[in-house]
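Presented below is the structure to which this report refers.
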Amino acid sequence: MRRMKNIRLTRLLWPLCAVATFLAGSCALGPRLAAAQTSVTTPGFQWQSLGQSTFRANCAGCHQESGQGVSGAFPPLAGHAPELAAQKSGRNYLVRVVLFGLEGSIVVDGNSFNAAMPPWAQLSDDQIAAVLDYVLNAWGNDQKLPAGFAPILPADVAAARSKSLTSSEVYALRREVLPSVQTTNASPAGRTDAKSVPTFTAEQAERGEAAYRHACQDCHGSALDNGEFGGPPIKGPYFSAHWGTGNVAALYAYTKTKMPPDRPGDLSAETYIDLIAFILSRNGYQDGAAELSADLDALQRMSLKK
Ligand code: HEC
Ligand code: HEC
């Protein structure tokens, strides 16, 4: 049984904000945060619209609007989140997953996942509580919650935030919360393995390069591993250690939801795909006749293993 190596992506976003301010003269996190913190003032926590908008902006790129996730890459939250909430320390776990991320192989409904969940500590307490209440109630999840389940409140998030964990510590917590659920060594039958090799064209990689020079080079460097403003290498051994055992969907969804750090998701889907083609070309993947497309199911079948 092959154990995949996990992606390590646990770093704080606030320093990025400082970098972004330095580079671009402004940082979008600050104003967004301030607006969110004042948006919910009523005694009954009104999570509905804040929860939905927070989910769409920060989570749907990986877990999908439908909450179904993407097999082999991102676990489903539809049908699954209430199962977590029903465990003894389930509420505490849910808050910490979103605040601090998760790193380690997990099994949901017999399918294994071992990409990394990035931390979302840059969101406000209101946003994190609201997005979790949304996840616990959307897609019919409300029908599966334990009787009398009280909404997660901003105060719960504030309390968890005061004692920060690494995403590996959150993984250890998950094993305590769900002791009965197998966390490693999923049955091979349950695993959805990526089978095909990545496909992209040389032209597409060139388009990606132009976009890279414009939006990414300042931090990740002209050679993809010589960044001056805190961006890690996105080429070579560092890249393959993080992404080389996964599939293209994980890399694409991560990049689209987190990069560039001051305005993630701001580029078009085509531009993100072109950027991925460029990054792949610089990591020794072979171009060919077919373009890479932004179809998550197709991307999920393309293995980055060489
Ligand atoms: C870049 C992709 C990505 C984004 C964006 C993302 N997640 Fe995740 N999420 C994952 C992955 C991958 C896992 C499983 C991690 C693992 O296997 O260790 C996960 C796990 C989870 C879990 C725990 C599931 C379990 O069974 O323990 C919850 C809850 C969750 N995510 C909620 C969210 C919420 C809420 C957001 C938005 C604030 C979000 N995620 C954004 C990729 C993502
Ligand atoms: C303001 C600086 C900055 C800019 C601009 C930027 N990045 Fe990043 N990038 C980072 C930092 C810092 C990390 C590490 C984040 C973390 O670990 O949470 C990162 C991580 C990444 C990763 C994951 C690397 C790994 O294996 O850990 C990829 C892929 C990536 N960026 C691609 C891009 C692309 C593509 C663009 C352009 C659209 C871009 N970045 C723009 C700073 C930046």
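Which residue, of A121, A115, is within 7 Å of ligand 1 (Cβ to nearest atom), at pLDDT below 95 and not in a helix (DSSP H, G or I)?
Just a single option satisfies the conditions, and that option is A115.
Across the range 265-285, the qualifying residues are those that are surrounded by fewer than 18 Cβ atoms within 10 Å (Cβ to Cβ) and free of Cβ contacts under 8 Å to residues at least 24 places away in the same chain, and the one among them that is farthest from S196 (Cα to Cα) is D266. Pairs are defined by a Cβ separation below 8 Å, a sequence spacing of at least 6 or placement on different chains, a first member in the range 289-302 that is of a type in the set (D, E), and a second member that is modelled with pLDDT of 90 or more and in a loop (DSSP other than H, G, I, E, B); the pairs so defined are E291/T199; E291/F200; E291/T201.
Please indicate, with yes or no, whether at least one residue in the range 217-224 is out of contact with any Lys or Arg (no Cβ under 7 Å at 6 or more places or on another chain), crowded, with 19+ Cβ neighbours inside 10 Å and closer than 21 Å to F113 by Cβ. There is no residue in the range 217-224 that is out of contact with any Lys or Arg (no Cβ under 7 Å at 6 or more places or on another chain), crowded, with 19+ Cβ neighbours inside 10 Å and closer than 21 Å to F113 by Cβ.
Would you mention how many residues in the range 232-249 are aromatic (F, W, Y) and free of Cβ contacts under 8 Å to residues at least 24 places away in the same chain? Number satisfying all stated conditions: 1. Of all residues in the range 147-154, at least one satisfies being assigned to a helix (DSSP H, G or I) and out of contact with any strand residue (DSSP E or B) (no Cβ under 6 Å at 6 or more places or on another chain). When you go through N114, N92 one by one, which is the residue that is within 16 Å of ligand 2 (Cβ to nearest atom) and not β-branched (V, I, T)? Checking each option against the conditions leaves just N114.
Inclusion of A115 among residues that are within 14 Å of the chain's Cα centre (by Cα) and either closer than 17 Å to G67 by Cβ or among the hydrophobic types (A, V, I, L, M, F, W, C) (or both) is warranted.
Of the residues making up the range 124-146, those that are over 20 Å from S89 (Cβ atoms), among the polar types (S, T, N, Q) and either outside any loop (DSSP other than H, G, I, E, B) or without any contact (Cβ under 8 Å) to a residue 60 or more places away in the chain (or both) are Q127, N137, Q143. E169 falls short on exactly one of the conditions (1) at positive phi; (2) touching a residue at least 60 places away in the same chain (Cβ under 8 Å), and that condition is (1). State whether one or more residues within the range 94-105 are of a type in the set (A, V, I, L, M, F, W, C), near ligand 1 (Cβ under 10 Å from one of its atoms) and in a strand (DSSP E or B). The answer is yes, given that some residue of the range 94-105 is of a type in the set (A, V, I, L, M, F, W, C), near ligand 1 (Cβ under 10 Å from one of its atoms) and in a strand (DSSP E or B). The residue of the range 219-277 that is modelled with the lowest pLDDT, among those that are charged (D, E, K, R) and outside any loop (DSSP other than H, G, I, E, B), is K258.
Selection over the range 102-157 of residues that are surrounded by fewer than 23 Cβ atoms within 10 Å (Cβ to Cβ), among the aromatic types (F, W, Y) and over 20 Å from Q48 (Cα atoms) gives a count of 0. Restricting the range 220-235 to residues that are among the aliphatic types (A, V, I, L, M) and out of contact with any Leu (no Cβ under 9 Å at 6 or more places or on another chain) leaves a set whose member that is farthest from P261 (Cα to Cα) is A223.
The values are calculated or read from the model by the stated rules, or taken from the named source; none is laboratory data. Just so it is clear, the structure is predicted and the values come from calculations on it, not from any experiment. Note that we place each Cβ from the backbone using ideal geometry, even for glycine, and neighbour counts take in every protein chain shown.
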